[in-house]
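Working notes, beginning with the structure itself.
The values are calculated or read from the model by the stated rules, or taken from the named source; none is laboratory data. Predicted, not measured: the structure shown is a model, and the values here were computed from it. Cβ sites come from the backbone with ideal geometry, for glycine too, and all protein chains shown count toward neighbours. Just the protein is used for accessible areas: all its heavy atoms, side chains included, with ligands, DNA and RNA removed. Shrake-Rupley method; radii C 1.70, N 1.55, O 1.52, S 1.80 Å.
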Amino acid sequence: GKITTPLAPTWFPNGYEFDDITIEQTPLKKVYNAKYKCGARTLRITIQDYLDKGPVYAEQSEDLVEEYKVSGITYYIFSNYGTNRAVWLYESYACDISGDVTIEELKEMIDSIQKG
């Protein structure tokens, strides 16, 4: 299934290029895992489609930096040992961007999702 909902960012930090994508299918969900690279730096975008049932919660393991709200969606931004991460829920999707990016770059990526 093609992802038509506004989930993936259209803006990426300078130098990042698409590397590869894997798709895993389980009875409960379909997981899209895209990887981007900029030299030795990496960036991952994971979209979990829970098919019929929506995800119950966004997985939160690191230290929460802030809740960033855009267009009625709450993006939870975490920081952990220099890796920053944004996690959010949208309809039946649990989404996650993580990697060697600054908080400001994460927010710019988030802002670009809504613009399509």
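So here's what we get for this one:
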| quantity | calculated |
| --- | --- |
| The chain: relative contact order as a whole-number percent, Cα under 8 Å and 6+ apart | 27 |
| Among (i) 40, 27, 23; (ii) 54, 28, 23; (iii) 36, 29, 28, the entry derived from the coordinates for Cα extents along the principal axes in Å | (iii) |
| Per-peptide average of other Cβ atoms within 10 Å, ordering 85-92, 10-17 highest first | 85-92, 10-17 |
| Amide H partners (placed H, <5 Å) of W11, local residues excluded | S112 |
| Within the chain, helix-based [θ] at 222 nm, where runs of 4 or more DSSP H residues each add -39,500 (n - 2.57), nearest 500 | -3500 deg cm²/dmol |
| Accessible area expressed per residue, the chain, with surrounding protein chains retained (probe 1.4 Å, Å²) | 58 |
| Cross-link reach list, aspartates and glutamates versus K30, counting only Cα pairs under 12 Å and skipping chain neighbours closer than eight places | D49, D52 |
